[in-house]
Amino acid sequence: MTSEELNQIKIQEPSKEIYRRIRSEWDHMAKPLDGMGRFEELTAQIGAILENVYPDISRKAVIVMCADNGIVEEGVSQSGQEVTLAVSSFMGKNQTSVGKMATRIGADVIPVDIGINHGAQIEGVIDRKIAHGTKNFRKEPAMTESETLAAIQTGIEMAAYCKREGYQLLATGEMGIGNTTTSSAVAAALTGLPVEEITGRGAGLSDEGLRRKRNVIVEALKKYDLRKEETLRILMSVGGLDIAGLTGVFIGGAMYHLPVVLDGVISAVAALAAERLKPGTRAYMIPSHKSKEPAAKQILDELCLSPVIDASLALGEGTGAVMMFALLDMALSLYQRQTTFSDIHVEQYRRYTKTQETKETGEKSW
């Protein structure tokens, strides 16, 4: 993929008519109006994306981008890069946290080696390696432009693969030691917010480790003199192959009309990068949880997405998104097996507008 080809991608808006019809269907159900809260909006959004008034999300997949980050050389993580390989290997056997949770609800995990710093083929992991990890962005840009675009293209192609395989709902996950540093750096560059405001402890840094992490990011942002609108250059300079790959998954979801559930801060940063590169992509994103990482709230606010789960999750891998899968399943089971007011011979609740209230009470509208 070239930057020109990326620029030529067009994003269509999900069906407004189907969205309205699903919201109307919820209103006809034997329950208080808006009784299912945010889930009425989210199921309508999913139906609008899938272009189906009665959407089916029985086939679900978590795309997990696995990659190493050269910035770990600077002591910004408790663990070394060997952990990325170890966890990814177990992920290929469906034995990590996300695999166990996904199996429980009947979802598939699709791990992708987009940049693990190891040469061997990992059983159960799709090999789409672009490089053996990124460079240390304190010293030089993390990726070249061609590597960044290749990672985005890989994400788009994984979304296309899932569409061909009949998946109806995707989620984003990642595995890569050091990626809360890269995501914080990208978040700071994309938003212009102070580094100390959006950089957290990741997998559990000490106070000294957190200071070092923040200093490294501040130094890099000064070094590259990044502007908020330079999304591709931001990804190249301080990003990661996993973040760029997930950016492509979000763009691909919009291209192929698949809803994509965000996980934590890393996928949220990728989501913002996708929306900046291809405005309109946001309409295909489903929020899941409120991550402990401080950048997550800022990014979700920027995207106008409100997380449903507030449980201080910080596990990663896509686990929060899989929990959201289960909640969406339950909401759609109610919608698809609905009991209407006519079924129970009770008058339907009416949704009053201000105009109706004025007509019925004689009050002046305001």
(message) Quick check: the angle from helix 179-191's long axis to the longest principal axis of the chain, C-alpha only, nearest 10 degrees?
(response) 70
(message) Using a 7 Å offset from the Cα along the Cα-to-Cβ direction at both Arg212 and Lys292, what is the distance between the two label points in nm, to one decimal?
(response) 2.0
(message) Can you tally the net charge around Ala270? Count Lys and Arg as +1, Asp and Glu as -1, for every other residue whose Cβ sits under 14 Å from the Cβ of Ala270.
(response) -3
(request) Quick one: which residues, 5 or more positions from Val62 or on another chain, have an amide H under 5 Å from its amide H? H modelled 1.01 Å from N in the peptide plane, none for Pro or chain starts. (result) Asp108, Val109, Ile110, Ala171
(request) Working from Cα positions, state the angle (0 to 90°, nearest 10) between the long axis of helix 207-224 and the longest principal axis of the chain. (result) 90
(message) Pick from Val125, Val261, Val109 the residue whose mean-square fluctuation is largest in a GNM of the chain, springs joining Cα atoms under 10 Å.
(response) Val125
(message) Springs between alpha-carbon pairs under 10 angstrom, Gaussian network model over the chain: which of Ala295, Ala331, Ala311 fluctuates most?
(response) Ala311
(message) At 1.4 Å probe size, with the rest of the protein present, what percent of the exposed accessible area of the chain is carbon and sulfur atoms?
(response) 49
(request) Using label points projected 7 Å from each Cα along Cα→Cβ, tell me how many nm separate Glu140 and Ser79, to one decimal. (result) 2.7
(request) Among the lysines, select those whose C-alpha is under 23 Å from the C-alpha of Lys223, and discard any that sit fewer than 8 residues away in the same chain. (result) Lys135, Lys139, Lys213
(request) With everything on Cα atoms, drop me the angle between helix 38-50 and the longest principal axis of the chain, reported from 0 to 90° to the nearest 10. (result) 80
(request) Work out, step by step, the length gained on full extension between Arg351 and Ala160: first 0.36 nm times the residue separation, then minus their alpha carbon distance; give nm to one decimal. (result) 64.7 nm
(request) Give the cross-link partners of Lys290 among the aspartates and glutamates, using a straight C-alpha distance below 13 Å as the criterion and excluding same-chain residues fewer than 8 apart. (result) Asp263, Asp301, Asp310
(message) Check which residues have an amide H placed less than 5 Å from Ile309's amide H, if you skip close sequence neighbours.
(response) His289, Lys290
(message) Can you match Rg and Dmax of the Cα atoms in Å to one of these, (1) 24.4, 79; (2) 19.9, 63; (3) 21.6, 76, based on a calculation from the structure here?
(response) (3)
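What net charge is computed for the residues neighbouring Glu13, neighbours being all others with C-beta under 14 Å from the C-beta of Glu13, Lys and Arg scored +1, Asp and Glu -1?
+2
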(request) Leaving out ligands and nucleic acids, note down the accessible area per residue over the chain with a 1.4 angstrom probe, in whole Å². (result) 44
(message) Using a Gaussian network model on the chain with a 10 Å cutoff between Cα atoms, which of Gly35, Gly280, Gly124 fluctuates the most?
(response) Gly35
(message) In whole Hz and in residue order, list the ³J(HN,Hα) couplings for region 135-144 that follow from phi through the Karplus curve 6.51 cos²θ - 1.76 cosθ + 1.60, θ = phi - 60°; x for Gly and Pro.
(response) 7, 6, 5, 5, 9, 7, x, 4, 9, 7
(request) Enumerate the calculated ³J(HN,Hα) couplings along region 234-249 in order (Karplus 6.51 cos²θ - 1.76 cosθ + 1.60, θ = phi - 60°), each rounded to whole Hz, writing x wherever the residue is Gly or Pro. (result) 5, 4, 4, 6, 10, x, x, 5, 5, 5, 5, x, 5, 4, x, 4
(message) With every protein chain left in place and a probe of 1.4 Å, what is the accessible surface of Arg282, to the nearest 10 Å²?
(response) 90
(request) Show which lysines lie in cross-link reach of Lys163 when reach means a straight Cα distance below 17 angstrom and same-chain residues fewer than eight apart are skipped. (result) Lys60
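The values are calculated or read from the model by the stated rules, or taken from the named source; none is laboratory data. Fair warning: this is a prediction, and the values are worked out from it, not measured in the lab. As a convention, Cβ positions derive from the backbone with ideal geometry for all residues, glycine included, and neighbour counts pool all protein chains shown. The accessibility values were calculated without ligands, DNA or RNA, using every heavy atom of the protein model including side chains. Shrake-Rupley method; radii C 1.70, N 1.55, O 1.52, S 1.80 Å.
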